[in-house]
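Have a look at the structure below before the remarks.
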Amino acid sequence: MIAVPRPPAADPLAAFTEDEVRACVDYAKPRQRWGLAGYGTDLLVLAALALTGPGRAVVRGVAGLAGTWAPGRVVLATLAVLAVRAGVGLPFSIRAFRQDARAGLATQGLGGFLRDWAKGRAVGLVLTVLPLAALVLGARWQPPGWPLVAAAVAALLVLALAVAGPVLIEPLFNRFSPLDPGPLRARLLELAATMRVPVGDVLVADASRRTTRVNAYVSGLGRTRRVVVYDTLLAAAGPRPPDGSSSGSDEVTLVVAHELAHVRHRDVLWGTVGAAALAAVSVLAAIALFDLAPVQRALGVTGLGDPLAAPGLLLLAAVGGLAAAPVASAISRWAEARADWVALEVTRDPATAVAVERRLALENRADLRPNRLLMVMFASHPTTMARIAQAWHWAERH
Ligand SMILES: [Zn+2]
């Protein structure tokens, strides 16, 4: 276990001009407010569908199209909830897209955005309807080993998705190609060797067809594991300028060092194992809760095997997700701080680390004056100024 210093966030004016801070905050705050409004609306809609007479009548009406055939009723009830949620969420998504377009962050038109949105909803639909229908129908028919078999299936499903996601789902949204041979590729593979991280390939995603935002990530497990860099991040990668300031290729190297640190500390593996365990526990909790008479009364169902259990299950999942968010995001922030620190230790280049944070913040319009409560609840990464403070801390130590 390495000690990861996490000094308090510095003042944004220590690394950004007043104009830069204002431009970022003016973009980030309304987006956040509307994001929260969308999230709250989604929860309210779910609650209305699960807990109120008129909401349940809508779901029952749609499910009724399948007559008394239980599997059809389960699937239609779930589709009804997802369709209402998608319809209510769409204006919020379009608003976010329009803000990106105004800020010059979107590189596609509304049509392209809607196609991507529909693809995302379709993937979510398949990944919700199938497991949810399996759970409800399983509860109806009680196969041998129930409910442990349900928990095991849920955990296995999460693991399978982590392995298959990069090859089945990610290509639906982006094209990936190996980073072209050349000095940058050689430098990154050398970096991987130094960090003793076996990496088959560094892939470039064609994110520029959608956005000007810059990003990189690692995903997949075992043979599907990959480091992915947005082509937008590579756009400025060139040689070091004569004044010695950090170059584009130094920045890419630092970002990739951060991603390789995730690989080295198995962050994706542990994140997946945690998610699988959480899925198993959630299924057992749902089965136990649906056995309670007050829960059945509140949701207007006869039990988990009720074909109309979908709205209640999805509401429980949403509330559970909200309750788990602070824990999950705290763990994520810790892993991100560790990856940042490892990247500093490997590259020994805090100036580039600060340059990267500045670039990420400016190009992605990060919230440079974040709300503390929102950070605690939802932030997957430390704030820009906490990450910059950490780089300065490393520089002071060396
Ligand atoms: Zn990271």
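Just so it is clear, none of the values below were taken in a lab; they were calculated from the coordinates. Keep in mind that what you see is a predicted model, and the values were worked out from it rather than measured. FYI the Cβ positions are ideal-geometry reconstructions off the backbone, even for glycines, and counts take in every protein chain you see.
Let me know the Kirkwood hydrodynamic radius for the range 59-105, please, with Cα pairs as the basis and the value in Å to one decimal.
The answer is 12.4 Å.
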Over the range 323-381, calculate the relative contact order: mean separation of alpha carbon pairs under 8 Å at least 6 apart, over the residue count, as a percent. 69 percent
Which residue, GLY274, LEU76, VAL356, has the largest displacement toward the positive end of the dipole of the chain when charges sit on each Cβ (Lys, Arg +1; Asp, Glu -1)? LEU76
Under the rule of at least 5 residues apart or a separate chain, name every residue whose amide H is placed under 5 Å from the amide H of SER219. ARG226, VAL228
Suppose every K and R has +1 on its Cβ and every D and E has -1 on its Cβ; what is the size of the dipole of the chain about the Cα centre, in Debye to the nearest 20? 920 debye
Quick check: Cα centre of the range 85-144 to Cα centre of the range 170-212, how many Å? 27 Å
For 135-148, 335-348, ranked highest to lowest by mean beta-carbon neighbours within 10 Å, the order is 335-348, 135-148
Convex hull of the chain built on C-alpha atoms - directionally averaged projected area, nm²: 21.3 nm²
Towards the positive end of the charge dipole of the chain, with charges on Cβ (+1 Lys, Arg; -1 Asp, Glu), say which of ALA103, THR253, ALA152 has the farthest Cα. ALA152
If I stretch the segment between ALA325 and ARG196 completely, what's the gain in nm (0.36 nm per residue apart, minus their alpha carbon distance), one decimal? 43.2 nm
Relative to the longest principal Cα axis of the chain, at what angle does helix 350-364 sit, 0 to 90 degrees, rounded to 10? 50 degrees
For the range 258-398, just run the numbers: alpha carbon Rg, then divide by 2.2 N^0.38 Å, N being how many residues it has. 1.43
Between the modelled labels at VAL273 and ARG60 (7 Å from Cα along Cα→Cβ) the distance in nm is 4.7 nm
Report relative contact order for the range 15-397 in percent, whole number only (criteria: Cα-Cα under 8 Å, sequence separation at least 6). 21 percent
Net charge around VAL202, counting only other residues with Cβ within less than 11 Å of its Cβ (Lys, Arg = +1; Asp, Glu = -1)? 0
Using only Cα atoms, find the angle between the long axis of helix 384-397 and the longest principal axis of the chain, and express it within 0 to 90 degrees, rounded to the nearest 10. 40 degrees
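Would you please classify the overall shape of the range 322-367 from the alpha carbon gyration tensor, given that a ≥ b ≥ c denote the square roots of the eigenvalues, rounded means a/c under 1.5, and beyond that prolate means a/b larger than b/c while oblate covers the rest?
oblate
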Could the peptides 218-231, 19-32 be put in order, highest first, of the mean number of other beta-carbon atoms found within 10 Å of their residues? 218-231, 19-32
Computed FRET efficiency, Cβ-Cβ of LEU289 and ARG95, R0 35 Å: what is it to the nearest 0.05? 0.50
Quick one: if you stick a label point 7 Å off each Cα along the C-beta vector at VAL88 and LEU130, how many nm between them? 2.7 nm
